[in-house]
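To keep things clear, I will list the structure first and then write my remarks on it.
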2 protein chains.
Amino acid sequence: METLRERKKRRTRDALLRAALELFTTHGYERTTVDEITEAVEVSQRTFFRYFAGGKEEAAFAVQDLAEAHFVAAVRARPPHEAPMEALRRAVLEGWDTINEAVAAVVPVELYLRMYRLIESTPALLAVHLRRSTEREEELARLLAAREGLDVDADPRPRLAVAAFGGVLRVTERQWSTGPDFSPEAMRALTAAHLDLVGPALTGHWRST
Amino acid sequence: METLRERKKRRTRDALLRAALELFTTHGYERTTVDEITEAVEVSQRTFFRYFAGGKEEAAFAVQDLAEAHFVAAVRARPPHEAPMEALRRAVLEGWDTINEAVAAVVPVELYLRMYRLIESTPALLAVHLRRSTEREEELARLLAAREGLDVDADPRPRLAVAAFGGVLRVTERQWSTGPDFSPEAMRALTAAHLDLVGPALTGHWRST
DNA sequence: AGGCTAGTGACAGCCACTGACAATTGACAA
DNA sequence: TTGTCAATTGTCAGTGGCTGTCACTAGCCT
C-alpha cells in the first residue's frame, strides 16, 4: 500500500499542479510567478522547483504529457495489418474519444482544455509544445518503422509521413484553439476533416475542387 | 546619405550580433551570458537589450530572419501558373542555391550554418525555431491561397499543404544538422530527395517499394 | 554657438532558477 | 516506545535574464 510519506508527496504535487494551472489559465502564464503558486499551496519556492525541476514549463505540460502518452498508447494498440497512416488516424480519433480516461484522474478535463488553449496562445508555451511534438513524432516514426520492418535511419519515409501527419495536427490544433467550440468532439471532428483533406491539398491544383 | 549617428548604431549592432553568434557557437547558447557579449564589444548590458529587445534569442535568430525572408521572396517570385507545391519546392531549392546573397553581407555564411546547427541542437532554440517556422507557414499559406484565389479561412487546403511541406523541411533540417556534411549543397540535395519521397511515404504501404 | 534629442551608462529591482546547509518529519528496527 | 536513518522541506545566498529610471554625453539642426 501507499505510505504516508508518498501520500503527502502526491498531494503536494497535485496541489502545486492544480494551483499552477488554475493561475496560468486565469492570470496568464508569464504573469503568474512561482511565488504566487507556492503561496497558494503554502510551501516554499524551493519545494516547487523540487517537484517541477523544469520550472513553470514542466507544470504547464504535465497534463499534456498524459494526453500524449494516451495517444501513443493508442497507436501501439492498433492492429499490425493496418497501413501506417490509417493507424495514426484511428489512434488520434480514438484518443479524443477517450480523453477523459487519460486526464480526469489528475485534473478536470475542462481545465486541461483551457490549458491547451493557453499553450496555443502563449508564444513561449507554443514553442515548447512544438518541440515536444517533434519528439513525439520521432517516437512514432520509430514505432511505425519497426511495425513495417524498416530501418528508420535508412528510409526517410516513416519520418516524412509522420511529419506530414503532425503538420495536419498542428493546423487542426490551431484552428480548434482559435475557434468557438472547445469541446473534444469539435477537435475530433476537425481532425477527421483535415486528415481527409490533406490528400487533395497535396495534389497540385486547388482551383478545380 | 547616412548620418554619423546611424553609422555608429549600425556598427554597434553588427558588433554585438557577431560577438553574440561567435560566443554562442563556440561556448554554447545558454552558457554565454549577456555580460560576456557586451564585454567583448565594450558596451553596457543595457545597450545590448536596447538593440535586441528580445534578448539573446533575438540575436540568435537575426540571420535566420534574413535567410527565411530570402526564401519567402523566392516563393513570391515564382510564376503564378505553377502549382502551389511545385512553387514551394522550386523556391526552397533556389533559396539554398543563392543563400550567399542573403546572408554574406552581414555574417560569413559559414557562421550562419554553424548557428543553424546550434539552433537545431539547443532545445530552447529549437523550440523557438519551430514556432517561427509555423509563423512563416501561415505567411506562405496566405500567399498561396491568394495566388490560387482561395479564402484561407474557409478552405483548409492551403494551410494543410504548407504544413505538410513544412514537416518535410523539418525532417530535412534535422537530418542535415546531425549529418556529416554541413554544406548548403548537402542541404539542397537532402531537401530535393525528401520532397520526392513524401508522396510515396503517404501512400499507405511501405513494404512493397 | 547653443538648444534639442537620440543613444548610452549606471543603478536599482523583479523573477526564474540553483546550490548548500539546517531543520523537520515519517519509516523502521531494536 | 524510542532512537536512528533517510526523505522532505525551508532558509539563505547567489547568478543570470530582463526592465524601468535617470542623468549625461555626443551628434544634429537652426
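The values are calculated or read from the model by the stated rules, or taken from the named source; none is laboratory data. Values in this document were obtained by computation on a predicted structure and should not be read as measured data. Cβ: placed from backbone, ideal geometry, glycine included. Neighbour counts: every protein chain shown. We work out accessible area using only protein heavy atoms, side chains counted, and drop any ligands, DNA or RNA first. Shrake-Rupley method; radii C 1.70, N 1.55, O 1.52, S 1.80 Å.
Details
- Orientation-averaged projected area, Cα convex hull of segment B:56-202 (nm²): 8.9 nm²
- Gap separating the Cα centres of segment B:147-209 and segment B:1-72, nearest whole Å: 32 Å
- Our coupling estimate for segment A:64-81, obtained by passing each phi through the Karplus curve with A = 6.51, B = -1.76, C = 1.60 and θ = phi - 60°, is 3, 3, 4, 4, 6, 4, 4, 5, 4, 4, 5, 5, 4, 7, 5, x, x, 7 Hz, Gly and Pro reported as x.
- The 3J(HN,Hα) values that the Karplus relation (6.51, -1.76, 1.60; θ = phi - 60°) gives for segment A:30-44 are, in residue order, 6, 7, 8, 8, 4, 4, 4, 5, 5, 5, 5, 9, 6, 10, 7 Hz. Gly and Pro appear as x.
- Accessible area, probe 1.4 Å, largest first, for residues A:His70, B:His194, B:His205: B:His205, A:His70, B:His194
- Added length on full extension, which subtracts the Cα-Cα distance from 0.36 nm per residue, A:Arg142 to A:Arg90: 16.9 nm
- Rolling a 1.4 Å probe across the protein heavy atoms gives chain B an accessible surface of 48 Å² per residue.
- In segment A:110-125, the residues whose accessible area drops by at least 20 square angstrom when the other protein chains are added to the isolated chain are A:Pro123; the probe is 1.4 Å and only protein heavy atoms count.
- Taking label points 7 Å from Cα along the Cα-to-Cβ direction, A:Arg46 and A:Asp151 give a separation of 5.2 nm.
- Inter-copy separations for A:Val106, label at 7 Å along Cα-Cβ, nm, ascending: 4.0
- Magnitude of the charge dipole for chain A, about its Cα centre and with charges confined to Cβ atoms of Lys, Arg (+1) and Asp, Glu (-1), is about 260 debye.
- Normalised contact order of chain B, rounded percent, pairs of Cα under 8 Å and 6 or more residues apart: 18 percent
- Interface A:B - total buried accessible surface [probe 1.4 Å, Å², rounded to 100]: 3800 Å²
- Whole-percent carbon and sulfur share, accessible surface of segment A:60-202, 1.4 Å: 56 percent
- Leading residue at positive end of dipole, the protein assembly as shown (Cβ point charges), from B:Thr32, B:Ala60, B:Phe182: B:Thr32
- With label points defined 7 Å past Cα in the direction of Cβ, position A:Arg5 shows copy-to-copy spacings of 6.6 nm, given to one decimal and shortest first.
- Helical contribution to [θ] at 222 nm, DSSP H n ≥ 4, -39,500 (n - 2.57), averaged over chain B, rounded to 500: -25000 deg cm²/dmol
- Share of pairwise Cα separations in segment B:1-53, more than 18 Å, in percent: 30 percent
- Estimated distance in nm for a label pair at A:Glu39 and B:Asp97, the labels positioned 7 Å out from Cα along Cα-to-Cβ: 6.1 nm
- Summed side-chain charge close to A:Glu185 - residues other than A:Glu185 whose Cβ falls under 14 Å, Lys, Arg +1, Asp, Glu -1: -3
- Set of lysines with alpha-carbon distance to B:Lys9 below 23 Å, sequence-local pairs under 8 removed: B:Lys56
- Using alpha-carbon coordinates, inclination of helix A:109-121 to the longest axis of chain A, degrees: 70 degrees
- Rounded, prolate or oblate (a/c below 1.5 giving rounded, otherwise prolate when a/b exceeds b/c) for the protein assembly as shown by Cα gyration tensor: oblate
- Label distances, nm, A:Ala53 versus same residue in remaining copies, Cβ-directed 7 Å point: 3.7
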